[in-house]
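Visitor: Attaching a single structure in structure tokens format; questions to follow.
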Amino acid sequence: MRILLVEDDPAVASGLSDGLRLAGFEVHHVTTGNEGSQYALGANPPDVVLLDLGLPDRDGYDVCREIRATSSVPIIVVSARDDEIDRVVGLELGADDYLSKPFGVRELVARIRAVTRRTTSDAPGDKHEAQHIGQLMIDRRAQRVFVGDEEIHLTATEFELLSTLAEDPGAVLRRTELLERVWDTALYVTPKTVDAHIAAIRKKIGHPEWIESKRGVGFRLDIA
Ligand code: CA
């Protein structure tokens, strides 16, 4: 599995590269936002992008958006400041996960495994059928979502979240349950993460009312 590491700090980059290689990953390291987006969107794209927000040439938020505009590669955003992470969540950049510095390689590896499991998990037999709920169609095998005839491009995490809600349409799923089932590194993410991803899905499907919030509890899919 190949990781694109976009990080300008040489000490952080060499520590992470060494740790990731020891854990069995291939690492391609670049130091600028432009190189990062070029490589991520290039002919031989990585399996995961690890993106530092503080880059010398460009705003990391912008790089994240640019990659996400045309690619569904899992993106893990890294920041030195917690308030930046709050902004990431609030901005709905389409990142799949985020980490605040300092963090250990073990934690990072757990996150990488979690985001790639969501993208590549082998679907059990019952997941091979496309599921239709009203105008919404979810094809789990191909990881594609349609509203009517129009395809909706979700990130791996958004896809997993929507298909989890769709497993039991009408039922309220608690935030804690969604965290466990979709993220499985629930130790590190907060209910706010669920809300941010739900907001992104609502916007993309163009029918915000299809995902109903139960205040203080969770969410349910309600497609008339
Ligand atoms: Ca930096």
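No value in this document is a laboratory result; all are computed from the given coordinates. Computed from a predicted model, the values in this text were never measured in an experiment. All Cβ positions, even for glycine, are placed from backbone atoms using ideal geometry, and neighbour counts span all protein chains on display.
Visitor: What FRET efficiency, computed as 1/(1 + (r/R0)^6) with R0 = 25 Å and r the Cβ-Cβ distance, is obtained for THR32 and ALA199, rounded to the nearest 0.05?
Guide: Values: r = 30 Å, r/R0 = 1.21.
After rounding to 0.05, the efficiency reads 0.25.
Visitor: Roughly what angle does helix 60-70 make with the longest principal axis of the chain, taking Cα atoms, 0 to 90 degrees, to the nearest 10?
Guide: 50
Visitor: May I pose another question? With the crude spin-label approximation of a point 7 Å out along Cα→Cβ, what separation in nm comes out for ARG181 versus HIS207?
Guide: About 2.0 nm, to one decimal.
Visitor: Sticking with this one: Using the Karplus curve 6.51 cos²θ - 1.76 cosθ + 1.60 with θ = phi - 60°, work out ³J(HN,Hα) for each residue of the range 206-218 in order, rounded to whole Hz, and write x for Gly and Pro.
Guide: Once θ is set to phi - 60°, the couplings for the range 206-218 become x, 10, x, 5, 5, 10, 8, 8, 9, 3, x, 10, x Hz.
Visitor: Let me ask another. Calculate the dipole size of the range 2-120 relative to its Cα centre from +1 charges on Lys and Arg beta carbons and -1 charges on Asp and Glu beta carbons; express the result in debye to the nearest 20. The partial results should precede the final answer.
Guide: Working: 13 positive and 20 negative charges, 110 e Å.
For this selection, approximately 520 debye.
Visitor: Quick one: grab Rg to one decimal and Dmax as a whole number for the range 2-120, Cα atoms only, in Å.
Guide: When restricted to Cα atoms, the range 2-120 yields Rg and Dmax of 12.7, 35 Å.
Visitor: Right, another one. Multiply the residue gap between VAL12 and LYS192 by 0.36 nm, knock off their C-alpha separation, and tell me the result in nm, one decimal place.
Guide: Working: separation 180, 0.36 × 180 = 64.80 nm, distance 2.76 nm.
That works out to 62.0 nm of additional length.
Visitor: May I ask which residue of GLY19, VAL78, ALA166 lies farthest towards the positive end of the charge dipole of the chain, with charges of +1 (Lys, Arg) and -1 (Asp, Glu) on Cβ and the Cα centre as origin?
Guide: Among GLY19, VAL78, ALA166, the one farthest towards the positive end of the dipole of the chain is ALA166.
Visitor: Given charges of +1 on the Cβ of Lys and Arg and -1 on the Cβ of Asp and Glu, with all other atoms neutral, how large is the dipole of the range 131-221 about its Cα centre, in debye to the nearest 20?
Guide: Dipole of the range 131-221, to the nearest 20 debye: 280 debye.
Visitor: Please determine, in degrees from 0 to 90 and to the nearest 10, the orientation of helix 10-22 with respect to the longest principal axis defined by the Cα atoms of the chain, where the helix direction is its Cα long axis.
Guide: So the inclination is approximately 60 degrees.
Visitor: Can you count the Lys pairs in the chain whose Cα atoms are under 24 Å apart, with each pair 8 or more apart or on different chains?
Guide: Details: LYS101/LYS192; LYS127/LYS204; LYS192/LYS203; LYS192/LYS204; LYS192/LYS214; LYS203/LYS214; LYS204/LYS214.
Final tally of qualifying lysine pairs is 7.
Visitor: Next question, about the same structure. Do you know the relative contact order of the chain, to the nearest whole percent, from alpha carbon pairs under 8 angstrom that are 6+ apart?
Guide: Details: 367 pairs, mean separation 31.0, N = 224.
So the answer I get is 14 percent.
Visitor: Then there's this: Once Lys and Arg get +1 and Asp and Glu get -1 on their Cβ, which of HIS207, LEU53, ILE3 lies farthest toward the positive end of the dipole of the chain?
Guide: HIS207
Visitor: Taking the number of other C-beta atoms within 10 Å as the exposure measure, put GLU151, GLU66 in order starting with the fewest.
Guide: Values: GLU151 12, GLU66 18.
The most exposed by this proxy come first: GLU151, GLU66.
Visitor: Please report the equivalent ellipsoid semi-axes of the range 131-221, computed as sqrt(5 x eigenvalue) of the Cα gyration tensor, largest first, in whole Å. Don't skip to the answer; put the middle values down first.
Guide: Working: eigenvalues 85, 39, 27 Å².
One finds semi-axes of 21, 14, 12 Å for the range 131-221.
Visitor: With only Lys, Arg, Asp and Glu charged, each at its Cβ (+1 for the first two, -1 for the last two), find how big the charge dipole of the chain is about the Cα centre; round to the nearest 20 debye. Intermediate results must be reported in sequence, preceding the final value.
Guide: Details: 27 positive and 38 negative charges, 89 e Å.
Dipole of the chain, to the nearest 20 debye: 420 debye.
Visitor: I would also like to ask the following. What translational diffusion coefficient, to the nearest whole µm²/s, does the chain have by Stokes-Einstein, given a Kirkwood radius computed over alpha-carbon pairs, a temperature of 4 °C and 1.567 mPa s viscosity?
Guide: Values: Rh = 18.0 Å.
Diffusion coefficient, whole number: 72 µm²/s.
Visitor: So how tilted is helix 191-205 from the main axis of the chain? Cα-based, degrees 0 to 90, rounded to 10.
Guide: Tilt of helix 191-205: around 70 degrees.
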